[in-house]
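Read-outs: derived from the displayed coordinates by stated rules, not from any lab. The structure presented is a predicted model; accordingly, all values stated were derived computationally and were not measured. No Cβ is skipped: glycine too gets one built from the backbone with ideal geometry, and neighbour counts run over all protein chains shown.
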Amino acid sequence: MNKSVTKWFSVYSWAKPISVIALSSAALLSLQGCVAMVVGGAVVGTMAAIDRRTLGAQTEDKAIVLKGESAIKRALLSDQAHVNVTSYNRRALLTGEVPDAESKATAERELKAVQGVTLVMNELVIGSPSSISARSNDALITTKIKASFVDTKDINESAFKVVTEAGNVYLMGRVTQREGATAASVAAGVSGVKKVTKMFEYITEDELKALQASKSKVDLNQEEK
């Protein structure tokens, strides 16, 4: 095995336990009804390094979520709306509950207007906002799915974004058809999951190899410095 491949496996292997620690901490906080980030700078740096998005896309995704949720909140002006925005590689997902069809359309329109958004997938349902206990259960399901990904061979858990709403799971990420099918099967087997919807941006196996080689090259350059 050459030096580049050896280095990539080294980074990947120690990133796995870091993911487990982060997931465990997130699960504990979600069950307490807290929304916080408990990942240290070193972990954040590592996860960003093995992310399949560019650093620019990662930054833009964060901005899309903040701007999207803020714009939707201003536009709806209703305490009967519970809207979540998730963005992965500028592809945005809407989940949650709104009081009527007009509110659902408004939320989609506001999100489409956010700079950088290339696609909006509107999965909002019309109904009353979910309870705190229901949201905590969704957070637990998400954590269990991510933990299952860590233990699954042939997929990289950092390539997936998992969103759970009322037991319905939405999977996002830049993955191959093979990885997507494996992840969906694993997620469907987690207790509490009602349905799994794949919302992937598919890449080829050759593109995946190129991404892995690129990450290995970056790691080697950093080591030499």
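For the cross-link pairs K146/K209; K146/K198; K67/K144; K73/K104; K161/K195; K144/K195, which exceed 19 Å when the distance is taken from alpha carbon to alpha carbon? List each step's numbers first, then the result.
Numbers: K146/K209 23 Å; K146/K198 15 Å; K67/K144 29 Å; K73/K104 12 Å; K161/K195 16 Å; K144/K195 15 Å.
Checking Cα-Cα distances, K146/K209; K67/K144 exceed 19 Å.
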If we count every other residue with Cβ under 14 angstrom of G173's Cβ, Lys/Arg +1 and Asp/Glu -1, where does the sum land? +3
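Among L124, L111, L208, which comes first, second and so on when ranked by fewest other beta-carbon atoms within 10 Å?
On the way: L124 23, L111 26, L208 18.
Ranking L124, L111, L208 by Cβ neighbours within 10 Å, fewest first, gives L208, L124, L111.
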I need the shape label for the range 78-225. Rule: rounded when a/c is under 1.5, else prolate if a/b > b/c, else oblate, with a, b, c from the alpha carbon gyration tensor. prolate
Just to confirm the filter: which trypsin sites (Lys or Arg not before Pro) across the range 123-172 are DSSP coil and have at most 11 other Cβ within 10 angstrom of their Cβ? K153
How far is it, in nm, from the label point at A113 to the one at Y202 when both lie 7 Å from their Cα along the line to the Cβ? 3.5 nm
In nm, what is the difference between 0.36 nm times the number of residues separating S185 and A101 and their Cα-Cα distance? 27.0 nm
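Work out how much length K153 to I132 would gain on full extension: take 0.36 nm times their residue separation and subtract the Cα-Cα distance, in nm to one decimal. Don't skip to the end; give the middle numbers.
On the way: separation 21, 0.36 × 21 = 7.56 nm, distance 3.40 nm.
So the chain would gain 4.2 nm between K153 and I132.
Below 14 angstrom from the Cβ of A187, what's the summed charge of the other residues (Lys, Arg +1; Asp, Glu -1)?
+1
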Can you give the net charge of the other residues whose Cβ lies under 13 Å from the Cβ of K67, counting K and R as +1 and D and E as -1? +1
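Summarise the long-distance tail of P(r) for the range 55-126 by giving the % of C-alpha pairs beyond 19 Å. Can you show the working numbers first?
Numbers: 609 of 2556 pairs.
Here the tail beyond 19 Å accounts for 24 percent of pairs.
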